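This report refers to the structure that appears directly beneath it.
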Amino acid sequence: MVDTYEGLDFKAAHGWLLDLLPERPGLILDVGAGSGRDAAGLAAIGHEVVAVEPSSSMLREGSVRHEDARIRWLDDRLPALDATHRTGLTFDLTLHIAFGALGGLIAAKIVGALIRAQIPQMADVAQRDES
């Protein structure tokens, strides 16, 4: 499965995302980084990435496959992301790709919570989007 996922080109898989990325190199949080393909793709275009992965085997796989000074691997998990919050970092973009209807619903709730936690003035926008 990892080889199949890694075989997909980052830009081909996420062309929709490229125009949404910060114009200057930024700090991006990749939640559920898996094998690291997306983190590596973001690092390759100049961004610093905190790649969060709860699975120790995937974290190990990703950090070996994508050894890059611009990627910081972190063992953490949803929904709290306690280790991530303890870093004290502020991210320019949070990336969480979820598969399936349930994954999308969970991702929407989590993104809403992250927005409220990091940017209080956006709480109204997040609340409307969750309705």
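The values are calculated or read from the model by the stated rules, or taken from the named source; none is laboratory data. The model shown is predicted, which means the values in this text are computed figures rather than measured ones. Methodologically, a virtual Cβ is constructed for each residue, glycine included, from the backbone with ideal geometry; neighbour enumeration extends over all protein chains shown.
Name the one entry in A43, A98 that is small (G, A, S), at pLDDT 95 or above and within 19 Å of Y5 (Cβ to Cβ). A43 is the lone residue from the list that is small (G, A, S), at pLDDT 95 or above and within 19 Å of Y5 (Cβ to Cβ).
Summed over the stretch 60-78, the residues that are part of a loop (DSSP other than H, G, I, E, B), hydrophobic (A, V, I, L, M, F, W, C) and touching a Gly at 6+ places or on another chain (Cβ under 8 Å) give a count of 1. Being more than 14 Å from D92 (Cα to Cα) and either touching a Pro at 6+ places or on another chain (Cβ under 8 Å) or modelled with pLDDT of 90 or more (or both) is a property that G32 has.
Being more than 14 Å from the chain's Cα centre (by Cα) and either surrounded by 14 or more Cβ atoms within 10 Å (Cβ to Cβ) or touching a residue at least 40 places away in the same chain (Cβ under 8 Å) (or both) is a condition met by at least one residue of the stretch 25-41. Taken over the stretch 79-95, the criterion of being assigned to a loop (DSSP other than H, G, I, E, B), at negative phi and buried (at least 17 other Cβ atoms within 10 Å of the Cβ) is satisfied by F91 alone.
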